Amino acid sequence: MNKIKLNAKLENQTFTKQMECLYILSKKYPKYWKSYSWLFVKFIALDYSNDIQKISFQYLFKVFDDKDVNIFIKTIIIHHLVKPRKGALTYIERIGINTKLRNRIIEHITKLMKISCIALQLNCLYAYYLIFRRDGDHGHLQDFVSHNLKRPIPKPIQQAVYQIGTLYENHSPRLASFEEILEESEIEYESEGLNSQ
């Protein structure tokens, strides 16, 4: 599936079988997470037919819902969706243009946010931020965290929400990348750990 070229004409039945195999493999052999996670994103985000994209979305949502799929695969899928692209919208922002897909993605991100995994939660937080950043309302993000995380809210999450809020308050034209938010959160968390020793 990695070798399928952009704009390739794919037969729906054959592609569905390939996606089913990918889905099964992702549950049985999670050590190949890097390849699997990209393939779940590749066929939704790049220039393939609408039918291929619909099939890909079905399997993407199936992966998100399946408790037997490794959390790390889900984390990296979200990371691929939010990763900044040179001179272009992130994949999640492109998907978010379609209201129906936007609502489905929000639904799944909300479910994933409740899983106790900081990396997954930070990726979900950033995805949520990207979906709503055009609205210019930081309250969405605070409500998202408040309603979906158990207390106490982990320090890296608190720090990320604070940093995004600061951007909103300062009307900053420069938006932080996920890597910058994660890096700042980790530095802050480590320095607090050193200070408490």
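Read-outs: derived from the displayed coordinates by stated rules, not from any lab. Treat the numbers as computed from the prediction; the structure is a model and nothing was measured. Neighbour counts run over all protein chains shown; Cβ positions are idealised from the backbone, glycine included.
Annotations
- When each of the peptides 17-23, 41-47 is scored by the mean number of other C-beta atoms lying within 10 Å of its residues, the order from highest to lowest reads 41-47, 17-23.
- Judged by the gyration tensor of its Cα atoms, with axes a ≥ b ≥ c, region 36-152 is oblate; a/c meets the 1.5 cut and b/c is at least as large as a/b.
- Take the Cβ atoms of ALA119 and THR99, set R0 to 25 Å, and the FRET efficiency comes out at 0.30.
- When peptides 119-127, 71-79 are ranked by their average number of other Cβ atoms within 10 Å per residue, the highest-first order is 119-127, 71-79.
- Added length on full extension, which subtracts the Cα-Cα distance from 0.36 nm per residue, HIS147 to LYS67: 26.7 nm
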